[in-house]
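Novice: Mind looking over this structure? Questions follow.
A short reminder: the numbers here are calculations on the coordinates, not readings from a lab. The structure presented is a predicted model; accordingly, all values stated were derived computationally and were not measured. No Cβ is skipped: glycine too gets one built from the backbone with ideal geometry, and neighbour counts run over all protein chains shown.
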Amino acid sequence: AESKRKTPGVIGFYKKERLFGSNGVAILPRKPEMVYVNPYRVVGRTPDHPLVTELTSDMYYPYEIYSDPDGGLTYFKEAGQVNVSYTPEELTAMLLLHAKEQTEIFGGKTVKDCVLTIPSSFTQHEREGVYAAAAIAGLNVLSLMEENTAAALQYAIDHSKTDDVKYVLFYNVGATTTQTTIVRYSVYAEKVTKTSN
């Protein structure tokens, strides 16, 4: 479990164990070839995509990212290992499964259905990759929701209704992207019509 509000999207493999979040980050300086950071950045993308090539060129990730000539899937090949490769969907599924297990421990209930947030820039291929990762993790995705839309919905749920019109700026700064959204909140007067029987 994590004591911080946010668990890093990191998965590491060390001594036949999977290490998630800060535990994976802890072995990153010593075993960078065994740690995968933000694998969901590669979900649904090809190795020549600019955001994927940035991982190896600018961020110096020590593993090879290649495409399978038969199926066209993208793989991470673990450095120094001959037959150890993972798709970004498999790695993302491991992170989702970890989140699912933590939620079940905290809530005491089995998790089957979920709503996942995604960046507004995700293409259809990237969305399909998220669905594939969730399926591997045994999750039924009810909906994919843009991150700031999800924040705006939660804000509306948490704050009391007033008759005043309110504008709120949602500013989402991540490790690699920044998204902003301005949302207008107001009371919606529902028109009710009577019907005769």
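Novice: Here are some pairs, 15/100; 100/166; 100/161; 112/191; which of them have Cα atoms lying more than 25 Å apart in this structure? Mind dumping the intermediate values first?
Specialist: Values: 15/100 23 Å; 100/166 35 Å; 100/161 32 Å; 112/191 37 Å.
In this structure, 100/166; 100/161; 112/191 exceed 25 Å between Cα atoms.
Novice: Take the alpha carbon gyration tensor of segment 136-176, find the square roots of its eigenvalues, order them as a ≥ b ≥ c, and report rounded if a/c is under 1.5; if not, report prolate when a/b exceeds b/c, else oblate.
Specialist: Oblate.
Novice: Please list, in order, the residues from segment 142-162 whose amide nitrogen is less than 14 Å from a point placed 7 Å along the Cα→Cβ vector of residue 115.
Specialist: Hits in segment 142-162 for residue 115 at 14 Å: 142-158.
Novice: Report, in debye and to the nearest 20, how large the dipole of segment 80-197 comes out about its Cα centre when Lys and Arg carry +1 and Asp and Glu carry -1 on their Cβ. Spell out each step's value before the answer.
Specialist: Working: 9 positive and 13 negative charges, 89 e Å.
Around 420 debye, computed over segment 80-197.
Novice: Calculated from DSSP H runs of 4 or more alone, at -39500 (n - 2.57) each and per residue, what is the 222 nm mean residue ellipticity of the chain, nearest 500?
Specialist: -9500 deg cm²/dmol
Novice: Please report, for the Cα atoms of segment 104-197, the Rg to one decimal and the Dmax as a whole number; what are they, in angstrom?
Specialist: Calculated on Cα positions, Rg and Dmax stand at 18.1, 60 Å.
Novice: Given the Cα-Cα distance of residue 163 and residue 194 and 0.36 nm per residue of separation, how much length would full extension add, in nm?
Specialist: Length difference between fully extended and current span is 8.6 nm.
Novice: For the pair residue 67/residue 102, report the inter-label distance in nm, with labels modelled 7 Å from Cα in the Cβ direction.
Specialist: 3.4
Novice: Run the simple label-point estimate for residue 57 and residue 181 please: 7 Å along Cα→C-beta, distance reported in nm.
Specialist: In this crude spin-label approximation the distance works out to 3.1 nm.
Novice: Sort the following peptides by mean Cβ neighbour count (other Cβ atoms within 10 Å, averaged over residues), highest first: 182-189, 98-105, 134-141.
Specialist: Listed from highest to lowest mean packing, they are 134-141, 98-105, 182-189.
Novice: Continuing with the same structure: Against the longest alpha carbon principal axis of the chain, how many degrees, from 0 to 90 and to the nearest 10, is the axis of helix 88-107 turned?
Specialist: 60
Novice: Of [x] 16.8; [y] 10.4; [z] 11.9, which is the value of mean projected area of the Cα convex hull in nm² derived from the coordinates here?
Specialist: Here the calculated entry is [x].
Novice: Sticking with this one: For segment 5-104, what does the alpha-carbon gyration tensor say about shape, rounded, prolate or oblate, given a ≥ b ≥ c as the root eigenvalues, a/c under 1.5 as rounded, and a/b over b/c as prolate?
Specialist: It is prolate, given that a/c is not under 1.5 and a/b is the larger ratio.
Novice: Which angle from 0 to 90°, rounded to the nearest 10, does the C-alpha axis of helix 147-158 make with the longest principal axis of the chain?
Specialist: Value to nearest ten degrees: 40.
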